[in-house]
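Chemist: One structure coming up, written as structure tokens, with questions to follow.
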Amino acid sequence: MIRKLLPDPLLTLGLIALWLVLNRSYGLGHWLFAVVLGVLVPLLVQPLRPVPVFFKRPGLAFVLFWRVGLDVVVWNWRILRGTLATGDKVPKGDFVVVPLDLRDPNGLAVLAAILCVIPGTIWSELALDRSALLVHVFDMKHAEEEIQTIKNRYEKPLMEIFQ
């Protein structure tokens, strides 16, 4: 019964707190509206949510988080050097098709976030059957190397975490 009314209690609490903090008012009307908002929004978006998330390897998720953070720093420097380069040192961006073994929708969503957060890469298109991914790389040196980097650094750990 309570699970039907509150499908995501943390989201409900977060929305209530966010409403109150953003409005900087804690009157009865704001509390009532915050509770209504906190209950209704999770109920309305529940059909839009993918399958439930189950972390099979939370320790690996932590390692992946730090790996992505390090990659963001490294790629920021590569982008900076690339934008300042002249002549034949100017980076050559290109698209690469990455065949996917990852099928879990939550894992694919995390992969999309990773590729969009790391400077120099962007998730461009996912095949309808989820078998391949089109990625643009800012500084493409070797396509096969970029494919293996994406598969080994991101897809493989995500498969261990989500599948």
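The values are calculated or read from the model by the stated rules, or taken from the named source; none is laboratory data. Values in this document were obtained by computation on a predicted structure and should not be read as measured data. Here the Cβ is made from the backbone with ideal geometry for all residues, glycine too, and neighbour counts use every protein chain on show.
Chemist: Do the conditions hold for residue 38, that is, is it in the same structural domain as residue 146 (by TED's automatic domain parsing) and either surrounded by 12 or more Cβ atoms within 10 Å (Cβ to Cβ) or over 30 Å from residue 140 (Cβ atoms) (or both)?
Modeler: Details: in the same structural domain as residue 146 (by TED's automatic domain parsing): no; either surrounded by 12 or more Cβ atoms within 10 Å (Cβ to Cβ) or over 30 Å from residue 140 (Cβ atoms) (or both): yes.
When the stated conditions are applied, residue 38 does not pass them.
Chemist: Any idea how many residues of segment 118-163 are farther than 18 Å from residue 94 by Cα and in contact (Cβ under 8 Å) with a residue 40 or more places away in the chain?
Modeler: Of the residues in segment 118-163, 10 are farther than 18 Å from residue 94 by Cα and in contact (Cβ under 8 Å) with a residue 40 or more places away in the chain.
Chemist: Out of the residues in segment 43-67 that are without any contact (Cβ under 8 Å) to a residue 60 or more places away in the chain and among the hydrophobic types (A, V, I, L, M, F, W, C), which is nearest to residue 5 (Cα to Cα)?
Modeler: That would be 43.
Chemist: From the list 49, 57, pick out the single residue that is in contact with a helix residue (DSSP H, G or I) (Cβ under 6 Å, 6 or more places away or on another chain), surrounded by 10 or more Cβ atoms within 10 Å (Cβ to Cβ) and at pLDDT below 90.
Modeler: None of the others qualify; the one that does is 57.
Chemist: Condition check: farther than 28 Å from residue 8 by Cα, modelled with pLDDT under 95 and either among the basic types (Lys, Arg) or over 16 Å from the mean Cα position of the chain (by Cα) (or both). Does residue 91 satisfy that? Don't jump to the end; show me each part of the working.
Modeler: Working: farther than 28 Å from residue 8 by Cα: yes; modelled with pLDDT under 95: yes; either among the basic types (Lys, Arg) or over 16 Å from the mean Cα position of the chain (by Cα) (or both): yes.
In short, yes.
Chemist: Yes or no: residue 85 more than 17 Å from the chain's Cα centre (by Cα) and assigned by TED's automatic domain parsing to the domain that holds residue 146?
Modeler: Working: more than 17 Å from the chain's Cα centre (by Cα): yes; assigned by TED's automatic domain parsing to the domain that holds residue 146: yes.
For residue 85, the condition - more than 17 Å from the chain's Cα centre (by Cα) and assigned by TED's automatic domain parsing to the domain that holds residue 146 - is met.
Chemist: Among the residues in segment 39-60, are any touching a Ser or Thr at 6+ places or on another chain (Cβ under 9 Å) and small (Gly, Ala, Ser)? It would help to see each step written out before you state the result.
Modeler: Step one: list which residues in segment 39-60 are touching a Ser or Thr at 6+ places or on another chain (Cβ under 9 Å), which gives 39, 41-42.
Restricting the remaining residues to those that are small (Gly, Ala, Ser) gives none.
No, segment 39-60 contains no residue that is touching a Ser or Thr at 6+ places or on another chain (Cβ under 9 Å) and small (Gly, Ala, Ser).
Chemist: From the list 79, 114, 16, which residue is in contact with a helix residue (DSSP H, G or I) (Cβ under 7 Å, 6 or more places away or on another chain) and assigned by TED's automatic domain parsing to the domain that holds residue 134? Steps first, please.
Modeler: Details: 79 fails: in contact with a helix residue (DSSP H, G or I) (Cβ under 7 Å, 6 or more places away or on another chain); 16 fails: assigned by TED's automatic domain parsing to the domain that holds residue 134.
Among 79, 114, 16, only 114 is in contact with a helix residue (DSSP H, G or I) (Cβ under 7 Å, 6 or more places away or on another chain) and assigned by TED's automatic domain parsing to the domain that holds residue 134.
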